[in-house]
Amino acid sequence: MMDGNDEQGGVEFEPARAMAELAAKIESEPSADRPAEVRLEDLGRRSELFQPRGGIDEHHVGVLAKAIRSGGKPLEPIEVLQAGPELIIIDGHHRFDAYKEAKWSDAVPVSYFEGTLEEAVIASGRANSRAKLVMRQPERLNYAWRLTLLERLSKAQIADASGVGTSTVANMRTAKNKLEDRAFEFNSWGQAQRAANETDEDMSDDQLEQWKEQLADRWAEDLSRKFGPKMVNLPEIAAMALERYFGRRLSDVAEELLGHLSDDQLDAILEEQADRHNPDF
C-alpha cells in the first residue's frame, strides 16, 4: 500500500506518486542482494507504471498456468526493478498471475533491469507493445497519455514506449496544457481528448444503454463472421472456449448471462441440472 501525499496540479495522480516514491527509494536505500530466484510474495507491483495494458488477459494467464502445471518447471524470468528492498515487476505480470493460478510454491527466476527508473518505464511499455500478446491501439493511446502526464519523458521516449506516433504525443501534450489541472482526472486519452475539445459530457442512462447495445451488436457480428453457426451448434465446446478465454472472470460473465435469461429458461436449466444430479432410477 503506497503512502504519501504527492499531488499533480492539486489532483492526486497515482503514476506520478508511484514514480516519486520509487525514485526516493532508489536514491536513499542501498540495493540489497540480487538472488536469481525469489518467492512470489517477495515481488511487488506498481501497475500504474509498469502494466501498460491496464489489465490482465485472463486467457493468457490460463494458458501459462496450464504450461506450468504440465511442465512442472518455471517460465522464463520475470523482469524486475530493484528499488531499495523492493522488487517491482516490470515485465511478467501474466507470468506472475499464472504462477498464482497454478499454485506454484517454489521460488521463481527473475532478471534485474539495469537502468534508470525512467528507462524502466519505457522498457516496460516497449516490451508490452512489441510482445506476442500485443497491446491494442486504445491501450497504446491510454498508456501514452499516462506517460505524457508524468512530465518526465520526451515525445520520442513516449512514442517508443507506447508504440504511438510522436504527432499523437504532441496532441496529448497540447490537450494536457489546455486542460491544466483537470488533465489528471482522466485515465483515458479518449476522455481527455473530448474534454480538451470541450465536448466531454456525461452520458445519460439511455445513452449509456445505447452505447452498450451498439458495442454488443458489433461484438456479436465479429463472432458471427469468425465462427458462423459453429458456436451456436456446439454449445458445449463454446462454453469450454469461454472458460479458457475468461479464466478467473468466468463467474462474472456467468452472473451477467443469468440476467439475460427469462424465468422459463432459468427454470428449465435448473430442472435439467437437478435431473442430472438426481436421476430417477
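Per-structure values
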| read-out | value |
| --- | --- |
| Selection status of D280, touching a Lys or Arg at 6+ places or on another chain (Cβ under 9 Å), modelled with pLDDT under 85 and in a loop (DSSP other than H, G, I, E, B) | no |
| Filtered residues of region 64-90 (kept if open to solvent by 30 Å² or more (accessible area, probe 1.4 Å) and either of a type in the set (G, A, S) or at pLDDT below 90 (or both)) | A67, S70, G71, G72, P85, E86 |
| Residues of region 222-249 that turn out to be of a type outside the set (D, E, K, R) and touching a residue at least 24 places away in the same chain (Cβ under 8 Å), as a count | 3 |
| Qualifying residue in region 1-8 (condition: modelled with pLDDT of 85 or more and of a type outside the set (G, A, S)) | no |
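Table: residues versus (1) modelled with pLDDT of 85 or more; (2) closer than 30 Å to T168 by Cβ; (3) not hydrophobic (A, V, I, L, M, F, W, C).
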| position | (1), (2), (3) |
| --- | --- |
| W211 | no, yes, no |
| V232 | yes, no, no |
| G247 | yes, no, yes |
| L270 | no, no, no |
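The values are calculated or read from the model by the stated rules, or taken from the named source; none is laboratory data. The structure displayed is predicted, hence computed values, not measured ones. Positions of Cβ are generated from backbone atoms using ideal geometry, with glycine treated the same way; all protein chains shown enter the neighbour counts. When the accessible area is computed, the model is the full protein with side chains, heavy atoms only, and any ligands, DNA or RNA have been set aside. Shrake-Rupley method; radii C 1.70, N 1.55, O 1.52, S 1.80 Å.
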